Amino acid sequence: MVLKIFFPQCCNTADSGLLVGRWIPGHNSAVVLAVIHYPFIPGQVKKYLSELQSQTQVDLTVLGSWSMPKEGQEGMDSFLKDLSTIFPQECWLQLSREIGKRGFTCQVVQNNGRLLQEQKNGDDKIVLIHYDQRKVMLSQLHPVQDVGQKSDVEASELRLVFQTVAQSQPLFLLDKYDDGPLKLSHWQSEGREASIIAELLKQASVPVCIFLTWLLSLWHWLCSFRILHLRPVLFISSKLSTCVQSGYRAVHFKTVFSPKKAATHMEFMRYSTWRVAKELQELLEWLMGAPAGLKMNRALDQVLGRFFLYHIHLWISYIHLMSPFIERILWYVGLSGCLGLTFALSILSDIVALLTFHIYCFYVYGARLYCLKIYGLSSLWRLFRGKKWNVLRQRVDSCSYDLDQNTSDTALFPLQLFIGTLLFTILLFLLPTTALYYLVFTLLRLVMVLFQGVIHLSVDFINSLPLFAIGLRICRPYRLAEGVKFKVLCQEPGTPLHLMMEINPLKCSSVLQCYRTPTYSCYPKDSWAALCKKLFVGELIYPWKQKTAKTD
Amino acid sequence: MAEEEFTDINGNSISLDCQTHSDFCREFTVTSPKLSLRKVMVYTCFVWLFAYAVFFFTENTAVLSSAIILTLAGMMIHIHFVKVDHETLLIIGSLGVQLSSSYASGRESTIFIEMNKLKDIVINEAVYMHSIIYYLCILIKDPADPETVTSVVPLFQSSNPRLNCLVQVYRSCQEILAQSR
């Protein structure tokens, strides 16, 4: 079997000393975590290691010795061999490196003094894998598993290596530059300088967070007023997506705060409102003529057309009346858009809904008329065929034309039949006109619903976007690891195989999939078939509703 | 270090390079033919002549600029995402197998499969359109259930070498896998 030794890159140039690390159970491999330099007292080393073992739950042991002799330090080899008697191990590693050469030499001594493998040309079964200790310590191997979910033996070797380095953080607190009994070399000895600004910001972040939490509690106190929980206010606020979003926002503020300004276009608003009303008027006039070459029933046409035109006239005058106030209201509403992009989008959705309220009204009128007509037609059609709708039994029963009062079926008089036929004919010939109005207004309404649905979808998407994970993936890709990459380092003959292990970062699509926050997702209530049926019959269609209280 | 010439399933010439780093570590690199300059020029001229013809009829300069942008964007996407320069298989006994594809723009995408997840490396045959092709693949198993094959990872998907090349790689890999069992 091949013996694998994971060696940190920072210890490549460390002075001679003892290797401290862990043997990976179940696989024939060892992870070197640090090098303890001479001079040391063996008793202190043992005491320190047992302290760390209880602190980190990682079974740290002395793995072997590391020698990088400088000038005037000959004779270390015999000293190093004697060390194996002080720290009794099953396997004792002896790694050594000479200045000027790139490869290490490695000897493994077993407990009974026998040399396990001697390095000969072409006979080495030892692999040295170099890894970047700081990156492996900070990295998280995906797919993430809970600690303690699987036993150590079943977990893969790489996962155990990553876990070992991550859990041994207390080992890296003591350095060779500290005045202590032990001098250790690990990634901290590389001498990374910290930025004082970053440290100051870290210190200042605590009082800032306390202040923000106080502001949030103030907001909660305001929202918990009794008056806001009364029935009509509650109903309106559940319909307006702005209020719904502000509720979510107050919850989300606890974890994240993103100040963004939204620009308001007041002139654009006013112009677009007027424009919509104008377009609707032209549409109605077109309908009142001969739309698409269809010939409509003149009288009904005029009635419906005049009715809708009057409605629009009312709406336009209402807007003219309200315009001086609208500016003010829009300014303050727009200011609240600084609570986030999703808030601004919800405001847009609500403004559009309010502006196109007359389209919604027209749709309801047209749909109701059409629905009544279809209902009447179907009922009279059943009359023709001699069937009747049994309200008690909720089904269609047959009727006969018998004048006999003793039969169980209800009788139909000829007069009823005559009036029924008349009404049926009238309704049937008025159907195209009503159907056309219904079609036009339904299409307009569907466009509005689609627009609102798109806004809600984008709000959902923004809410569920894992910004921190994406930022990590871009700026510190080694934190999210999908796997590792190996590169063979060119070696000298007679030395064991050297590999360089680098972290393979997670793909961006996997980042999104893995870290998406669960959202209050909105979805259409009906399937396509149900939607078509509703449209045909004339039932009212409601916009997409949002699911409430999805648990995190 | 042995570099040999083979052909792929479409008849283009590819080259296989075997490097033995150690007893239990080997690396196989299959290099595809490079992007042909003649093809690039033919496509570009075709697109630009077509755009010029459209411009001649519509007198709209946006057609020309959009053709230029399209050509550039298409070429960049092609060399960065589509055109594979070489594919490498690195097998390290008792550690695992690493597959990496390197694209014409220099981008590398790597996957590492650990030894405990690897069941075997085999040559499979598949029916593709009107022909039967051979491909080398890795059988993946779940360490908890070693008998079932959970998935199959095909190797050298872009270079598609023929059977003689695959057999060489297969024999080499099996030597190393036999050692680590």
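Placing +1 on the Cβ of every Lys and Arg and -1 on the Cβ of every Asp and Glu, with no other charges, gives segment B:28-153 a dipole of roughly 480 debye about its Cα centre.
The length gained by stretching the chain between A:Lys47 and A:Trp389 to full extension, at 0.36 nm per residue less their Cα-Cα distance, is 113.9 nm.
Under a crude label model (7 Å from the Cα following the beta-carbon direction), how far is A:Thr56 from A:Lys487 in nanometres? About 2.7 nm, to one decimal.
For segment A:4-21, backbone phi angles converted through the Karplus equation (6.51, -1.76, 1.60; θ = phi - 60°) give residue-by-residue couplings of 10, 10, 8, 10, x, 5, 5, 8, 4, 10, 7, 6, 5, x, 9, 8, 10, x Hz, Gly and Pro being listed as x. Computed on segment A:295-367, the Cα convex hull volume stands at 100 Å³ per residue.
Counting only other chain Cβ atoms within 10 Å of each residue's Cβ, the peptide B:21-33 averages 3. Relative to the 2.2 N^0.38 Å rule of thumb, chain B has a C-alpha radius of gyration ratio of 1.34.
Helices assigned as whole DSSP H runs in chain B whose Cα atoms extend at least 27 Å along their own long axis and whose mean Kyte-Doolittle hydropathy is 1.0 or higher are found at B:37-58. Take the residue pairs A:Lys4/A:Lys487; A:Lys101/A:Lys125; A:Lys101/A:Lys485; A:Lys485/A:Lys507 and return only those whose Cα atoms are more than 18 Å apart. The answer is A:Lys101/A:Lys125; A:Lys101/A:Lys485.
Laboratory data are not the source of any read-out in this text; all were calculated from the coordinates shown. Everything quoted here is computed from the prediction, not taken from an experiment. Methodologically, a virtual Cβ is constructed for each residue, glycine included, from the backbone with ideal geometry; neighbour enumeration extends over all protein chains shown.
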